[in-house]
Amino acid sequence: MNATPTKIITLIGDSLIGFTNAKDNEIILSQISEKGYSSSKMEQLLGINTLADEKFHEFEVKDGERIQAILDFEAKYTEEMNYYTSDRKLAFQIFGGEADRAIRNQLGIDMLLKKNLNGFIEQAQQFYGTNLKKKEILSRLDEFAMTEEKIKERLNGLAALRVLDDIVETKKGQAAVALKERTESYDKLRVAWHKFKTVCLIKFEKNQEHLKFLNIKPPAVRTTKKTTSKNSNTTTTVKVEMPADME
């Protein structure tokens, strides 16, 4: 069951108060023990609460790492794309003539620029790799400050971009696992808290102070409903009560 962070935090806080107060109050504990909520049972419930709290924070950390990985990747992708498109335009101006068609083919700049990750990296690696191998091409680019050192930097940048993409996928997988564990622990706590409240609502039906102490909202009394007999002037007032969970 999916739940918002606020809903999960509220459940963890409410159930922690209820379980702790029940365990620590001898009078209450002795009464709910008759329904299976012994001291050891309350310790078990507190363990469920602790696990839900841990899994909630674990997901927050893992999801934060996922988001940061995406931001790092996008920043690097933008950086490398900007370098490549600028260098590509420069090369096209230098080798734009008919006599340099073969060079443009070797550099891959006659093709449309690809925006998907694999296509972009392949094009950029072809462009920079060819420049390093072909000294006659590099010599014509060198006067425009596209040196061998800078080309190697761009190839290293493309390799780093691949690494960042792999990190994104890893962090996505870790966040997905953490989300699943958070959901499972939340559902387990939600069911446990509901069962506990149900027993307490029945057991302390006439003792609302105990319910409040356990952080359980007493059943709400709805507005009175009046019924009048057709053959008399007698009016009967009926109080309609709804369980707290129905509110």
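The values are calculated or read from the model by the stated rules, or taken from the named source; none is laboratory data. In this text the structure is predicted, and so the values were computed from the model without any measurement. Using ideal geometry, Cβ is built from the backbone for each residue, glycine included, and neighbour counts are taken over all protein chains shown.
Only residues that are more than 25 Å from residue 187 (Cβ to Cβ), hydrophobic (A, V, I, L, M, F, W, C) and surrounded by fewer than 17 Cβ atoms within 10 Å (Cβ to Cβ): list them for segment 16-50, please.
27
β-branched (Val, Ile, Thr), out of contact with any strand residue (DSSP E or B) (no Cβ under 6 Å at 6 or more places or on another chain), over 30 Å from residue 20 (Cα atoms) and at pLDDT 95 or above: which single residue out of 151, 167 fits that description? So that I can check it myself, show each step before the final result.
On the way: 151 fails: at pLDDT 95 or above.
The match here is 167.
Identify, by number, the condition in (1) crowded, with 17+ Cβ neighbours inside 10 Å; (2) modelled with pLDDT under 95 that residue 196 doesn't meet.
Exception for residue 196: condition (2).
If you check every pair at least six apart or on different chains, which have Cβ atoms under 7 Å apart with a residue in segment 39-55 that is of a type in the set (S, T, N, Q) first and a residue that is surrounded by 14 or more Cβ atoms within 10 Å (Cβ to Cβ) second?
39/23; 39/29; 49/12; 49/15; 49/16; 49/19; 49/189
Please specify each residue of segment 73-112 satisfying the condition of being within 15 Å of residue 128 (Cβ to Cβ) and in contact (Cβ under 8 Å) with a residue 60 or more places away in the chain.
Answer for segment 73-112, where residues must be within 15 Å of residue 128 (Cβ to Cβ) and in contact (Cβ under 8 Å) with a residue 60 or more places away in the chain: 79, 80, 83, 84, 87.
Would you confirm whether any residue within segment 179-186 is of a type in the set (Phe, Trp, Tyr) and surrounded by 15 or more Cβ atoms within 10 Å (Cβ to Cβ)?
Just the residues of segment 179-186 that are of a type in the set (Phe, Trp, Tyr), to begin with: 186.
Subsequent filtering for residues that are surrounded by 15 or more Cβ atoms within 10 Å (Cβ to Cβ) retains 186.
Yes: one or more hits.
Residues in segment 140-148: is at least one under 26 Å from residue 73 (Cα atoms) and either loosely packed, with under 12 Cβ neighbours inside 10 Å or under 37 Å from the mean Cα position of the chain (by Cα) (or both)?
So far as segment 140-148 goes, no, none of its residues is under 26 Å from residue 73 (Cα atoms) and either loosely packed, with under 12 Cβ neighbours inside 10 Å or under 37 Å from the mean Cα position of the chain (by Cα) (or both).
Hey, any hits in segment 111-118 for a residue that's within 21 Å of residue 145 (Cα to Cα) and in the same structural domain as residue 141 (by TED's automatic domain parsing)?
No, every residue in segment 111-118 fails to be within 21 Å of residue 145 (Cα to Cα) and in the same structural domain as residue 141 (by TED's automatic domain parsing).
Does residue 54 qualify as being in a helix (DSSP H, G or I) and touching a Leu at 6+ places or on another chain (Cβ under 9 Å)?
On the way: in a helix (DSSP H, G or I): yes; touching a Leu at 6+ places or on another chain (Cβ under 9 Å): no.
No.
Among the residues of segment 21-71, which ones are farther than 30 Å from residue 174 by Cα and hydroxyl-bearing (Ser, Thr, Tyr)?
Result: 30, 33, 37, 38, 39, 40.
Quickly run through segment 205-218 and pick out the residues that are without any contact (Cβ under 8 Å) to a residue 40 or more places away in the chain and outside any helix (DSSP H, G or I).
Kept after step one, since they are without any contact (Cβ under 8 Å) to a residue 40 or more places away in the chain, are these residues of segment 205-218: 205-209, 211-212, 217-218.
Of everything in segment 205-218, those that are without any contact (Cβ under 8 Å) to a residue 40 or more places away in the chain and outside any helix (DSSP H, G or I) turn out to be 205, 206, 207, 217, 218.
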